Amino acid sequence: MTAAAARTAEPLDELTLRRAQRGDEQAWRALIARFQHPVHALIWRLLAGRARHRVEDLVQESFVRVLRALPQFDPAGPATLSTWILTIATRLALNELRRPEASTLVAEPLAHERADHATERQRLATAIAACVAELPEPQRVVLVLREYHDLEYQEIASMLDVEIGTVKSRLARARTALRDGLRARIPDAVRGLGGPHAR
Amino acid sequence: MRDDRDDRDEPDGSLSGIDLTAWQPPAPPPELAARVIARMREPAPAAAVEPQERRPRRWGWAAGATASVAIAAVVVVGRTWGLTHGPAPDADAHGELVSVRPQQLALGGSIADLDPGAELRWVLEGHRISVHQVRGTVRWTVADEDTLVIDTGGPAPTRTLEASGASLRVEVSMNLSDVRLVGLTTASAAAVALVTAVVYQGHVRATSGGQTVNVAPGATVKLVPQRPPQLPAEPVEPADQRPDRPPVAVGASPDELQQLRDRLQAADAELARLRAEVAARTAQGPGRPITIEPAALDAARVGGDRNIVPDDDTRRAIDRAGAGKIVGSFKLCIDTTGAIASVTMQTSTGFDAYDRKIERGMRSWTYRPFLVDGKPAPVCSEVSFVYMSDAAERRTSSRPPRPPPTASPPDCGTFNVEDAMAQAQNQYAAGFAKAALSLVMKALTCKQDVKMYRLAALYACAAHDAATARQVLGKVPVPLRAPILQRCQQEGIDLSSADVP
C-alpha cells in the first residue's frame, strides 16, 4: 500500500480509537488493520537486508507497545495517531539496527527479486533496496520516513529527536547517495538523471 | 502527513525521475492482529512505555535470606557464574553464557537473542542444539535444519520446548507465590522455574507434567512444574458447563482454598451478568443508530452538493424579512449500506420552501458505509445550514465541514489561525480531509498566504472537492502548482490548467 493509498483508506474514527484505548479487542483489531500496512512497510524498509522474521517480530512488538501505550495517547496532542504509531515502530527498528549483527544472518531475498522474470521495475526495486541497505542508519531512516511515509520535517525531527536542519542535511545526503548508487547499478534505468534539480 | 513541498526549502539531491514506489514491501503476515492480541493477553512484565533503550531487568526475588538461598540455588550445579562481557557470535560445541546486555549468539544455523541477565548453557551436536535456559528471556530463531531442545531444569518430569524452523521467545522466571502453590520448600523451589514461551513462527512442542502439546504461531504456553502445558489463550469454559472441581492448589491451606473458591464464584457471577447484558442489547435488535460527530459523518460522504441555497423567491422573502442570518438544523441518519435512512428537521430555517429544499438536497447525498469497530453501522448526526442574507455572492454553508469564506466568517480578532491550521493538519492526517478543508477555509478568511492556499488545495483534492480545489489553486503561483496537480491526480481529480484561474 502506498502512502497515498494509506491516507485515503478508511480512517480510524474517533469512536473506535476511544474503544481501543479502553481495551476493546474489536477496536484493537480495527486499529491494527488500519495501520498494519504502513507499520510493516516502514519496518521492512528500515531493516532492508535483515532476515524477514525479524521484521515480523518487530511489527508484532510495535503493535503490542502501541496498544499498551494507547490509553496515554492524546488525540489532541502534538502528534497524530499515525505519526505516533510510526514513531514507536521507527524506534524499535532503530534499536534493532543498532544491535550487533550476527555473521550468520543472511539477507532475505527481496520481495520482487525473480531472476527468471526480471522486469525493469523489479530491477529498479532490487537496486533501490540494495542502495537503501547500504545507507548509514541516520540517512536511511530519514529517507524512508520522508519518501515513503510523507512525513513532514518537523515530524521526522521530533521522531528522531534531532533538529530540522539535521533532517534536511541527512535527507540530502541520502538522496545523493541513492541517486549515485542507482546510477551505478542500473545506468540505463536512470539515464538522464543530471545533477540535483527541483522535483 | 507532510504538506506540499516548498521547493525553495527542499534539500538538495533530487530523486526526480526515479520511481521509488517500485520498491514495495510484501503484505503483512496473516493473522497479525490475532498474534498481537495473544501477546497482549500475556501478563505485561512492566508498564507500557514508548520504545527506549532496554532497561536492565530487575529480579523480583524476595528480600533477605530466602532470596540469597534462591539465587544461589538457581545455580543448579553449584558453581558461581562469572559475567561475560563480550558476545560469542560463533558458539563452540558447548558453553555457557550470562549476558549483561543484549547479546546475540549463533548456535549452528540458529540464533539466540539474549536479554540482559539471561543465562544459557548449551551443547551442539550436529544439528541438535540442547540448551539449558537457566533464567531470563531469550528470543530464539531456529533454522529449518536445526532442532532446538530447551530444558528449563527443575525436578522430574522435565519440562522442555522443542522447535525446528521456528521463531519463539522463552522467558524463564521465578514466581514465589506459585512456589507456594506448588507446595515445594523454598530451597527446592529455587531450582524450579516458571517458563513462558511465545511462538511467533513455526510450530513448537511443549512438554510438561508428562504431557506434550503442539504450540501454534501466535500462541503462548506456560510450563509450570508438575502440570501439563498451559495455553492461556484457550477459550474459557462457560460457567454452566464447567465441572465442579476444586481449584488446583497443591499444598495450599484451607483458607487459601476458600479464597480461591470465593474468587471463582465472584468471577462466575460477573461473567453471567455480562452475558445477560450482551443478550439484552442483542435483543433490542441490530442497527440501533449511533450518534456521531458531524465531521466524522461528513468524512464518509462521497457525493452530493452540500451547498443548498434558497431559491430566488425564498431569497427575496428572506431579504424582505430582514433576516441577516438564518439557521436550520437537520438530523441525518444512514444505514449500514451508507444509504440515507432518514432526514429529520430539528430546527426550521423559518422558511418552509427552504426547509423542503434542504431536505430534498440532503436525501440526494451519498455516503459510503460508516465503520464502527471495523463493521458497517447505522449512524446519525446533525447537519446545520447557515445562510447569510446579502445581495453579494453568498452561499449557504453546512456545518461541517467547510463554509466558504463569505459565509459565517470567524471573528478574526479572536480566531487563532495557527491553531486552526494545526487542527487541520491533525484532521487530515487522521483521514478527515473534509474537516481539514473546513478549518483551512475558515483560517483563510483571516489570513492568506501561499502555504495555506496550497494546503487548502491539497485537502480539497483529498476531500474530492474539485470546485474548491480549483478555486484555491488559483491563488497558488503557477511554478508551485505541479506537485498539487500531481497529488490531485492521485486522488482522482484532474485539474487542467485551463480550469484553474
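Here are the numbers for this structure:
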item: Residue satisfying all of: in the range B:296-316; among the hydrophobic types (A, V, I, L, M, F, W, C) and open to solvent by 30 Å² or more (accessible area, probe 1.4 Å); nearest to B:Ser348 (Cα to Cα) among these; result: B:Val309
item: Some residue of the range A:59-80 being hydroxyl-bearing (Ser, Thr, Tyr), open to solvent by 10 Å² or more (accessible area, probe 1.4 Å) and at the interface with another protein chain (Cβ under 9 Å from one of its Cβ atoms); result: yes
item: Candidates A:Arg52, A:Arg29, A:Arg22, filtered to the one that is open to solvent by 50 Å² or more (accessible area, probe 1.4 Å) and at pLDDT 90 or above; result: A:Arg29
item: Single unsatisfied condition, B:Ala353 versus (1) under 30 Å from A:Glu14 (Cβ atoms); (2) at pLDDT 85 or above; result: (1)
item: Sole residue being over 30 Å from B:Leu437 (Cβ atoms) and at pLDDT below 80, chosen from B:Arg273, B:Arg316; result: B:Arg273
item: Yes/no for A:Thr166 being modelled with pLDDT of 90 or more, over 15 Å from the mean Cα position of the chain (by Cα) and more than 10 Å from chain B (Cβ to nearest Cβ); result: yes
item: Which listed residue, of B:Asp298, B:Asp355, is in a helix (DSSP H, G or I) and in contact with a Lys or Arg (Cβ under 6 Å, 6 or more places away or on another chain); result: B:Asp298
item: Answer from A:Arg140, A:Arg173, A:Arg123 - the residue that is of a type in the set (D, E, K, R) and surrounded by 22 or more Cβ atoms within 10 Å (Cβ to Cβ); result: A:Arg140
item: The range B:435-473, residues that are open to solvent by 20 Å² or more (accessible area, probe 1.4 Å), among the β-branched types (Val, Ile, Thr) and in contact (Cβ under 8 Å) with a residue 40 or more places away in the chain; result: B:Thr445
item: Members of the range B:433-480 that are outside any helix (DSSP H, G or I), modelled with pLDDT of 85 or more and not hydrophobic (A, V, I, L, M, F, W, C); result: B:Thr445, B:Lys447, B:Gln448, B:Asp449, B:Asp465, B:Gly474, B:Lys475, B:Pro477
item: A:Ala4, sole failed condition from (1) assigned to a helix (DSSP H, G or I); (2) modelled with pLDDT under 90; (3) in contact with a Phe, Trp or Tyr (Cβ under 9 Å, 6 or more places away or on another chain); result: (3)
item: Only listed residue being within 7 Å of chain B (Cβ to nearest Cβ) and among the charged types (D, E, K, R), chosen from A:Arg29, A:Arg54, A:Arg22, A:Arg50; result: A:Arg29
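The values are calculated or read from the model by the stated rules, or taken from the named source; none is laboratory data. Fair warning: this is a prediction, and the values are worked out from it, not measured in the lab. Note that we place each Cβ from the backbone using ideal geometry, even for glycine, and neighbour counts take in every protein chain shown. Heads up: the accessible areas ignore ligands, DNA and RNA and are worked out on the full protein's heavy atoms, side chains in. Shrake-Rupley method; radii C 1.70, N 1.55, O 1.52, S 1.80 Å.
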